[in-house]
1. Of all residues in the stretch 9-29, count the ones that are among the small types (Gly, Ala, Ser) and in contact (Cβ under 8 Å) with a residue 24 or more places away in the chain.
2. Please enumerate the residues belonging to the stretch 30-51 that are of a type in the set (D, E, K, R) and closer than 24 Å to residue 127 by Cβ.
3. Give 344, 290 a once-over and let me know the one that is away from ligand 2 (no atom under 16 Å from the Cβ), farther than 16 Å from residue 395 by Cβ, open to solvent by less than 20 Å² (accessible area, probe 1.4 Å) and touching a residue at least 12 places away in the same chain (Cβ under 8 Å).
4. Take residue 281 and tell me if it is basic (Lys, Arg), open to solvent by 20 Å² or more (accessible area, probe 1.4 Å) and away from ligand 1 (no atom under 16 Å from the Cβ).
5. Determine whether residue 304 is modelled with pLDDT of 90 or more, within 13 Å of ligand 1 (Cβ to nearest atom) and closer than 30 Å to residue 240 by Cα.
6. Kindly indicate whether any position in the stretch 166-180 is outside the structural domain of residue 317 (by TED's automatic domain parsing) and within 24 Å of residue 658 (Cβ to Cβ).
7. I'd like to verify a number: residues in the stretch 445-470 that are open to solvent by 50 Å² or more (accessible area, probe 1.4 Å), part of a helix (DSSP H, G or I) and either in contact with a Ser or Thr (Cβ under 7 Å, 6 or more places away or on another chain) or not basic (Lys, Arg) (or both), how many?
8. Within the stretch 350-363, can you find the residues that are open to solvent by 20 Å² or more (accessible area, probe 1.4 Å) and touching a Ser or Thr at 6+ places or on another chain (Cβ under 8 Å)?
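The values are calculated or read from the model by the stated rules, or taken from the named source; none is laboratory data. This is a predicted model, so every value here is computed, not measured. We place every Cβ from the backbone using ideal geometry, glycine too, and count neighbours over all the protein chains shown. Heavy atoms of the whole protein, side chains included, go into the accessibility calculation; ligands, DNA and RNA do not. Shrake-Rupley method; radii C 1.70, N 1.55, O 1.52, S 1.80 Å.
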Amino acid sequence: MIDLGKRSIMYLPGIGPRKGEILRKEAEIVSFEDLLYYFPYKYADRSRIYPIRSISGNMPYIQLKGRILSLSTLGEGSSRRLIARFTDGTGTIDLVWFKGIAYVREKLKPDKEYLVFGKPVEFGNALSMPHPEIDPAEQATQLTGGLTPFYHTTDRMKKAFLNSRAVQNLQYTLLSLIRWQLPETLSEDVLERTRMLSLSEAMRNIHFPESDDKLRAARLRLKFDELFFIQLNILCTAAHRKRAFEGLPCPVVGTHFHRFYHDYLPFPLTEAQKRVVREIRADMGSGRQMNRLLQGDVGSGKTLVALLAILLAVDNGYQACLMAPSEILAAQHYATLRNFLGDMPLELALLTGSTRRKERQRILSGIASGAVSIVIGTHALVEESVRFASLGLAVIDEQHRFGVEQRARLRQKSPGVPHVLVMTATPIPRTLAMTLYGDLDVSVIDELPPGRKPVRTLHRYDSRKAELYDFLRKEIERGRQVYVVYPLIEESEKSDYKNLEEGFRVFCEVLAPHRVCMVHGRMKASDKESEMRKFVSGEAQILLATTVIEVGVDVPNASVMVIESAERFGLSQLHQLRGRVGRGSEQSYCVLVSSSQLSRETRRRLEIMVQTNNGFEIAEEDLRLRGGGDLEGTRQSGLGVNLKIANLSADGPILHYAREIAGELLAADPLLEQPAHQRLSRQLKTRFGNKPNWGDIS
Ligand code: ADP
Ligand code: MG
């Protein structure tokens, strides 16, 4: 099967080049194995047959058994339909087809007994069942026990006669071809320890369930399989990296750190900040290279933690750098650190794309000689010309905006491999973090500095704009500043810019004489900077922007965040935006403006925002709403996780279990060298062998 599994799907009886092409394009099924791992998304119970008398419009998919009384074709054009009046002696129901009329009509014979499977709908007093499956009763339950699987199919697949039913038939053909046997992927000891079904039995039951119990066990086995190998891979990679990269030792907590901590710190650290600083100290002092992800909600005080880590590196004779995703942010970090450090004798430098040439030369030679100990910058830092004398720590803020490759390049800037601290404000649910960053150590700041008033979030329909303007005017007159954010899905979308510009005109007019400034992605960097500066300095009270302000800007006096067309933003984006306010001691507000025509899911998103300020709750909910199975985010992030059956939002317990088992296994056999584990290492190679090594990602 190992070789068979890779065989092209075109060679499966019943599939030729044309269907093969459609399966590839529509369902990413290329090989035999891809087909087997194309799992049903749901099952319907076909063990029961319902009397027509007992059915109603709110029943799910059900099964009927009976005969056709009459066939007729009604209507013209798109409302043309075939109606089969169907009875089982207890009542009648109309079976209706809008498509494939000729084909169905040909197939149906009066007076033959049929099994019908579909969803009843009630209209007025009449019951009907659109597009049911219908089969002669004597052959219908041949393949399936009671449970019928449903496979996702697209219109193009259906047009090529590849409906759910056809996919199941293909599975049958394939499984028969391989005699219902697949080579096992788990080792005997893991199978024994976990008491999972064999892969063959699981695969048979996922496509052709013998019973509810067997199906449940099959799903468990396949989910476990998927998550177990991911965890095994992550843990192996992490172990490998720990062996391969020695860390630059930072055992000393020295003078700068102590002086800053005791004399310069403007406020006591929160307990969470203290804990994280301890974790970082232990890491950097351990003699191994630190790879740590620092998660903390917006405003939780990550910058200060970064500064303490930087001082630790400096005290041990190394340089440190802090990278931000934009010039505005880099400049802000620079100012913040300068301010924190006061007159401490440390050489700081800011290096961005717009640093003037002469200045740049000076900074570059300072970095190369070691005279500059702390560099703050943008991606300009990873450019070819930057060479460090001895870089000991790289802090990366908001890692989403930073490419994998850029991070990898940073490692080559200096003789040793620097410690890496990645900071993110995007809360990642634990299960996702374990899957994506399972080889990084994770620190969490789960506490905000004291004295913050939680942001109050309101949801308003755009038909009530006048009230909103009144509210904004009042807040501005009390000395506050206001952000107004417009969605911009595509940088090139004309209508979005029109909305923004129209908004600008309206706000200028309605809120005069208060001043409005505007920032968007199409502006030149220098214009952006100068508009931003107007807002930061307080010269302008209202900042209209597209999502360019999403990340990191700190204007404590801004206390109102208005989000226009809030229905067009995702949950985590809304949460990020809200985090821009609520940094001062004033009561802050976030106003979500939307149309009143909202889908159920969108309404739910906005409700969650109104209900909670907790980033982790929001992230969990986001994962649930988006369905942990599809994982858009992870696919886009290019981390190569593509889950076929496990669902990170629902399968947390299985994930934890898989990690535990993988950990135990590696504790006993760290390199998977025992003969009994050959199978596992071979699996790792085939599954992850040609993907980038996750260990090098962060
Ligand atoms: P983020 O985690 O979003 O990067 P920042 O580091 O920008 O948050 O911190 C947000 C604000 O909170 C800053 O103004 C910072 O000075 C302040 N801050 C950080 N730590 C504390 C603390 N322990 N007590 C009071 N204020 C703090
Ligand atoms: Mg920050």
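1. 2
2. Hits for the stretch 30-51 are 42, 45, 46, 48.
3. Matching residue, one of 344, 290: 344.
4. Criteria met by residue 281.
5. no
6. No, the stretch 166-180 contains no residue that is outside the structural domain of residue 317 (by TED's automatic domain parsing) and within 24 Å of residue 658 (Cβ to Cβ).
7. Total meeting the criteria: 5.
8. Residues satisfying the conditions are 353, 354.
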